[in-house]
Amino acid sequence: MKTISNDIKLLEQNAINKGLDELILMENAGLNLAKLIQKEAKKIRKNFKIKKVKILFLLGGGNNAADGLVALRNLKNAKAYKLGFRENETFKKQEQILENFGFKFMQKEPKLKKFHIIVDCILGTGIKREVDEKTKQILEKANKSKALKIACDIPTNLGFLPCFKADITQCMGALKEILLEDFAKEFVGKIKIANLGVNDKLFSPNQNAFLLEKKDLKTIKRSTSSNKGNFGHIYIVANESAGTLAGLGALNFGSGLVSLVAKKSFSPLLIIKSSLSKEASAISLGMGLENLDILKDEILQTIPLVLDANCFLSEALLWYLNREDVIITPHPKEFTRLYKMCFDEDLSVEVLQKNRFFYAKKFAQNYSCVLVLKGANPIIIQKEKLYVINLGNEALAKGGSGDVLSGMMAALLGAKFTPLKAAKNACLAHALIARKYKFNKNSFDAIKLIKGLKCL
């Protein structure tokens, strides 16, 4: 897991208070950026048989650009172009040091297509407004270039268009929350974290937000002496098609028994039931379900639940939100309905998608259940604990993938995982399967997702 921060200024001040002054932090940031560029340049030389890799830095005038100036000092054959931003004192100091070593800045706007690597050191996390027209034109030209694009800390103009479309974003010191918003996924590329002279756990201690990685996955473990009863009896309440997908998701993720409360199933592996049982280890319900009266069933009061899909059409859902053994799994449109029910405020999908962390945290501050806010980067949160997954891809944007996920969560609940652990591990496995799919993303579907569970 990697820690996530939404207040990098506080982290930097804590480091400064412990003796790592701003210049030391900047020196470490620039050196790490230079090392990354050298590593990528070596790959380009090897893969494309190029003797001299041409590197261009695009510079603003603040601390982000000053990091770039330090990197320039540690590189050979790199050029830099200043975009005319007002320069702060830190930038001027690093600029003077660089010039003392004989470095000269480009005076005319460079032809970006001539460079193999373009490094974005224009603006950092402190800027919340759109850039000017001249900078927009530079960003558009950079994005059209075939060069490898590296962003220092954050792609310039993130949250607006055009945005620098990085292949790699190197975070300085800590992973920024904004880079994991859904709207950022298209622009940040691969995220790397630079060490500023102190490891990230010390740099950002006492954090409650984490980015999950492949190595964090925990699944159901089977011993040689186990039997099906050791892994729970899952009940799925859904329509036939969605219920079959959810049931097979649960079964293939480790459940011992799976029953579907429906008139029929599309798989002989699922048991057909006419009603719920108090013996259920966990229940997943709502997928394609038209009659939501079942939300009033007293059996639901004592069994761990996954509430999905059509459940967000019923205000009966509100009865379950303060239960710690309940997982709710809305996609953005469903969350806006939930938000209206909970806070009596209108929320558009567009506003939500620009502020997913804010609204997920607001919900968790008021309710005890586990929230899985689906999206390009799913957010899993319960009270103060928050997890994000950025390993999934567009292959999951298919009907049925959410149904399978609900069954997977129920499987882990039935195997005695805590609701928070069930949610984060199911979401992580879900993303990893799509990531492993090597064929055309358009050909991925829920059946392939279920089959992919065997490869975890």
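The values are calculated or read from the model by the stated rules, or taken from the named source; none is laboratory data. Since we're looking at a predicted model, the values are computed, not measured. Cβ atoms come from the backbone with ideal geometry, glycine included; neighbour counts cover every protein chain shown. Just the protein is used for accessible areas: all its heavy atoms, side chains included, with ligands, DNA and RNA removed. Shrake-Rupley method; radii C 1.70, N 1.55, O 1.52, S 1.80 Å.
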- Does A166 satisfy being under 28 Å from D120 (Cα atoms), open to solvent by less than 60 Å² (accessible area, probe 1.4 Å), aliphatic (A, V, I, L, M) and at pLDDT 95 or above? yes
- Item | Residue, farthest from the chain's Cα centre (by Cα), within region 30-74, restricted to residues that are in a loop (DSSP other than H, G, I, E, B) and under 20 Å from Q107 (Cβ atoms) | K54
- Exclusive hit being in contact with a Gly (Cβ under 9 Å, 6 or more places away or on another chain) and under 30 Å from D216 (Cβ atoms), set K39, K18, K9, K43: K9
- Message: Quick check on my filter: what residues within region 232-258 are surrounded by fewer than 24 Cβ atoms within 10 Å (Cβ to Cβ) and either of a type in the set (A, V, I, L, M, F, W, C) or within 19 Å of L307 (Cα to Cα) (or both)?
- Response: H233, N239, E240, S241, L251, L257
- Run down L396, L352 and say which single residue is surrounded by fewer than 21 Cβ atoms within 10 Å (Cβ to Cβ) and of a type in the set (A, V, I, L, M). L352
- Task: Select from region 72-104 the residues that are small (G, A, S) and closer than 27 Å to E133 by Cα and write down the one among them that is least open to solvent (accessible area, probe 1.4 Å).
- Result: A80
- Message: All but one of (1) buried (at least 23 other Cβ atoms within 10 Å of the Cβ); (2) part of a helix (DSSP H, G or I); (3) of a type in the set (A, V, I, L, M) hold for L300; state the number of the condition that does not hold.
- Response: (1)
- Query: Quick one: is I220 under 21 Å from G452 (Cβ atoms) and either open to solvent by 10 Å² or more (accessible area, probe 1.4 Å) or modelled with pLDDT of 95 or more (or both)?
  - Reply: yes
- Note on the structure: Reported set for region 169-183 where residues are surrounded by 24 or more Cβ atoms within 10 Å (Cβ to Cβ) and of a type outside the set (A, V, I, L, M, F, W, C) is T169, Q170, G173, K176
- Considering only region 362-389, how many residues are outside any loop (DSSP other than H, G, I, E, B) and open to solvent by less than 40 Å² (accessible area, probe 1.4 Å)? 13
- Over region 303-332, the set of residues within 25 Å of A415 (Cα to Cα), open to solvent by 10 Å² or more (accessible area, probe 1.4 Å) and hydrophobic (A, V, I, L, M, F, W, C) is A309, W319
- Within region 184-200, the residues that are open to solvent by 10 Å² or more (accessible area, probe 1.4 Å) and out of contact with any Lys or Arg (no Cβ under 6 Å at 6 or more places or on another chain) are K185, E186, G189, K190, I191, K192, I193, N195, G197, V198, N199, D200
- May I ask you to say which residue of A397, A376, A410, A422 is touching a Ser or Thr at 6+ places or on another chain (Cβ under 9 Å) and of a type in the set (A, V, I, L, M, F, W, C)? A410
- If you take the residues of region 390-420 that are assigned to a loop (DSSP other than H, G, I, E, B) and of a type in the set (D, E, K, R), which of them is nearest to K333 (Cα to Cα)? K398
- Note on the structure: Within region 441-454, restricting to residues that are touching a helix residue (DSSP H, G or I) at 6+ places or on another chain (Cβ under 6 Å), in a helix (DSSP H, G or I) and not β-branched (V, I, T), the one that is nearest to G399 (Cα to Cα) is A446
- Message: Whether any residue in region 13-29 is open to solvent by less than 90 Å² (accessible area, probe 1.4 Å), in contact with a Ser or Thr (Cβ under 9 Å, 6 or more places away or on another chain) and assigned to a strand (DSSP E or B) is what I want to check.
- Response: no
- Message: Given the criteria of a type in the set (A, V, I, L, M, F, W, C), modelled with pLDDT of 95 or more, surrounded by fewer than 22 Cβ atoms within 10 Å (Cβ to Cβ) and more than 19 Å from S255 (Cα to Cα), does F439 qualify?
- Response: no
- Query: Since Q13 meets every condition but one in (1) under 30 Å from V388 (Cα atoms); (2) touching a helix residue (DSSP H, G or I) at 6+ places or on another chain (Cβ under 8 Å); (3) polar (S, T, N, Q), which condition does it not meet?
  - Reply: (2)
- Item | Positions within region 105-126 being open to solvent by 50 Å² or more (accessible area, probe 1.4 Å) and either touching a residue at least 12 places away in the same chain (Cβ under 8 Å) or over 36 Å from the mean Cα position of the chain (by Cα) (or both), in sequence order | M106, Q107, K108, E109, K113, K114, H116, G126
- When both residues are 6+ apart or on different chains and their Cβ atoms are under 7 Å apart, which pairs have a first residue that lies in region 374-393 and is more than 13 Å from D182 (Cβ to Cβ), and a second that is open to solvent by 40 Å² or more (accessible area, probe 1.4 Å) and among the polar types (S, T, N, Q)? E384/N208; K385/N208; L386/N208
- Considering every residue within region 94-105, establish whether at least one is under 20 Å from E12 (Cα atoms) and either hydrophobic (A, V, I, L, M, F, W, C) or not in a loop (DSSP other than H, G, I, E, B) (or both). yes
